[in-house]
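One structure below.
Read the figures in this text as sums done on the coordinates, not as results from a lab. Just so we're clear, the structure is a prediction, and the values are computed from it rather than from any experiment. Quick reminder, even Gly has a Cβ in these numbers, built from the backbone with ideal geometry, and neighbours come from all protein chains shown.
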Amino acid sequence: MDRKNRKRVTYVSGANATLGNYGMREQKKKKKRGGFHRTLRIALLVIAATALIAVVLAVSLSNVGRTEVGRATRIGATLSQNVTPFGDKVIFYDGTTLHCVAATGGNEWSYQIGNDANYDATENRIVAWTGNDIYILNTNGRLVYNDKMSDEIQFASAGDNYVAVFIGDPDNGVIRIIEQSGQIIDNIIISNQTLLDIGFFYSTTSSSAQAAELMWVLGLDTTGTVISTELQTFQPGKLSTGKSSLGEHIAYMVYGHNEMLNIVDTREIKHYNYRALEAAASTLIYGYAMADTKTVGKTMYQLLIPEQEQNQGMVISNLRLMYGNVDRMLHLPGVCMDAKLGTHSVYGFSSNAVYVCRYGETAFSAYSLPVHITSVLGMISDNRVIAASGSEIYVIELPT
């Protein structure tokens, strides 16, 4: 009831009414009216108390099992500066200089590489390029190789012992393989196809009993009536080891494990050996998209998100986790914007909480985040996540 709009009642006695009768009737009216108001006040108090209890109970239930994660450290980078995980550190490019910062925010090293540059990194090295210039740095930021290529650099990929640089026209160029000493050991001509990506993996070969670092090349064959994806493998210094057509489904992720290449497209994961021959039956993943992979010991964990949820944007409710012979659905306790794999657990991220499920389990625990996040950029060592809060970048310690 609105107290401001409630009207006061004024009583007027009739001319033929006696004072006594009027007084008796007025007392009865007041008595009845007073009883009604007391009942109404009691009812309102009961309703208010019930509502308060419901709110407290809801808040309590929503925070069951939720404690705050470790500290969040703001680092001197912004969302537009190509922020990338680098082992237990973070690297970013500010428009002229490449910076490496510790998880605690302290600057490790900086190296100026010029304007309009790009880079690729593994835990062991960084390759950066701008125009025709190539730079290779080690983990300490020391320059180990610098040269001017004969043509414009399209992109480059870093491995543990090699760097591959693609120069020239996107459809007819040359891949140069540079070893860690800085020597160019291969020039691979690419023609009649659009190069998509280059990477490295480990496998034993017919000439090596120990696993050697090999290179894979993914491209689109444009010579036929139907475009198809082509996989080629190379042993640096010994040229091609195999070539295979992957069909019309375009692959969007390639990763190595257990001496095999895993090629992910919209339908399945195909498994190839170092000769680019299928080594095992494909794994069907239709309706899911690969979100993250993580090797822990000898086990490869693969995290997938339903494509329908991924396409909706920041509304992830379910996850699919595959490892070994296990293929398991995980249901998040709340809607998430992203999900990642750590050393011990699966992580689901909402704007103000992280949900944690240890490998081998199915239940998530909820933890409050110390900052409101708007996107997840990647994981670094020691179960830390790089996350953006607006344009600011934080490294947040996560529970295991």
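Would you work out the Kirkwood radius for region 225-356? I mean one over the mean of 1/r across all pairs of different Cα atoms, in Å. Could the numbers behind the result be given before it?
Values: mean 1/r = 0.0619 Å⁻¹.
Across region 225-356, the inverse of the average 1/r is 16.2 Å.
Using alpha-carbon pairs under 8 Å, 6+ residues apart, how would you state the relative contact order of region 284-337 in percent?
Working: 92 pairs, mean separation 14.7, N = 54.
Worked out over region 284-337, it gives 27 percent.
Could you put Arg384, Arg358, Arg320 in order, starting from the residue whose Cβ has the fewest other Cβ atoms within 10 Å? Show your work: numbers first, answer last.
Working: Arg384 22, Arg358 15, Arg320 19.
Fewest-to-most Cβ neighbours within 10 Å comes out as Arg358, Arg320, Arg384.
Once you've got the Cα coordinates, tell me which of Lys270/Lys340; Lys89/Lys238; Lys148/Lys298; Lys243/Lys298; Lys270/Lys298 are over 30 Å apart. Before the final figure, lay out each step's value.
On the way: Lys270/Lys340 22 Å; Lys89/Lys238 34 Å; Lys148/Lys298 40 Å; Lys243/Lys298 27 Å; Lys270/Lys298 20 Å.
Lys89/Lys238; Lys148/Lys298, as the Cα separations exceed 30 Å there.
Region 287-400: D in µm²/s via Stokes-Einstein (Kirkwood Rh, Cα pairs, 10 °C, 1.306 mPa s)? Mind dumping the intermediate values first?
Details: Rh = 14.1 Å.
For these conditions, the coefficient is 113 µm²/s.
How much of the calculated P(r) for region 339-400 lies past 18 Å, in percent of all Cα pairs? All intermediate terms of the calculation are to be shown ahead of the outcome.
Working: 485 of 1891 pairs.
Of the Cα pairs, 26 percent sit more than 18 Å apart.
Work out how much length Glu268 to Asp171 would gain on full extension: take 0.36 nm times their residue separation and subtract the Cα-Cα distance, in nm to one decimal. Show your work: numbers first, answer last.
Numbers: separation 97, 0.36 × 97 = 34.92 nm, distance 2.69 nm.
Length gained between Glu268 and Asp171: 32.2 nm.
Suppose a student asked you for the relative contact order of region 287-400, using Cα pairs under 8 Å spaced at least 6 residues apart; what percent would you report?
Worked out over region 287-400, it gives 15 percent.
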